[in-house]
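What follows is a short report on a single structure.
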Amino acid sequence: MEDKMVGFVGSGLALSRVGSRKLDSNQCQSRVPCKLGKNWSRVRISAETVLEEEVDPGVVEGTDLSIVKYPHPALRRENDEVTVFDDELAKLARDMFKVMYASKGVGLAAPQVAKNIRLMVFNAEGSEKAWLQETVLVNPKIVSTSEKMSTEPEACLSFPGMGGPVKRHHWIKVE
């Protein structure tokens with residue numbers, strides 16, 4: 001089985017969980033600073049991955065967040081840059097992970113929980129047990145991309161029941 005390199009970066013859409021295997025930091029392709037420091041982390045996903053059906057958990061216990069669905073206006077609004085890094089932001093990121101896991105997702109952007117700020121969480125494993133794979137992106141900015149493109153199946157938690165092939169750069173570098 002050949003592996004394809006795929007990067008996950010927030011575009012305002014969340015990805016549904018894909019089948020994957022245990023990863024280590026040497027298998028990375030998309031350069032995304034991990035939350036544990038300035039190490040670069042990457043994600044390698046098998047070319048034979050299959051999307052699992054996402055679920056709508058409603059308001060997730062321990063949070064006041066739920067996923068908004070298209071055509072909710074928060075999904076189209078411009079997102080503000082995060083300027084205050086405090087306990088409230090950290091709690092929002094933790095709560096977003098809870099919602100993402102309850103939805104069987106691997107990524108969630110703040111607008112999907114009606115918070116119009118530049119914040120995204122993801123875990124390519126899609127499992128709380130793989131908490132070392134959790135990544136929080138605040139004010140992400142794509143600074144370079146590969147010329148090579150890859151097309152992979154994706155879905156969005158804000159567009160339930162929909163999914164399809166999405167063409168993206170083979171890798172991206174994010175600051």
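Listed cross-link partners Lys91/Lys167; Lys69/Lys167; Lys69/Lys104 are compared with a 26 Å cut-off, the Cα-Cα value being larger for Lys91/Lys167.
To the nearest 10, the accessible area of Thr63 is 20 Å² with a 1.4 Å probe.
Overall size of the stretch 87-139 from C-alpha positions, given as principal axis extents largest first: 27, 19, 16 Å. When nucleic acids and ligands are ignored and a 1.4 Å probe is applied, Arg94 ends up with an accessible area of around 140 Å².
Of the solvent-accessible surface of the stretch 129-175, computed with a 1.4 Å probe and all protein chains present, 57% belongs to carbon and sulfur. The convex hull defined by the C-alpha atoms of the stretch 107-175 has an orientation-averaged projected area of 5.5 nm².
Shape analysis of the stretch 45-175 yields a ratio of the Cα radius of gyration to the Kirkwood radius, Rg/Rh, of 0.95. In this structure, the amide hydrogen of Asp80, modeled 1.01 Å from its nitrogen in the peptide plane, lies closer than 5 angstrom to those of Ile117, Arg118, counting only residues at least 5 positions away or on a different chain.
The values are calculated or read from the model by the stated rules, or taken from the named source; none is laboratory data. Predicted model only: the values in this text are computed from it and were never measured. Heads up: the accessible areas ignore ligands, DNA and RNA and are worked out on the full protein's heavy atoms, side chains in. Shrake-Rupley method; radii C 1.70, N 1.55, O 1.52, S 1.80 Å.
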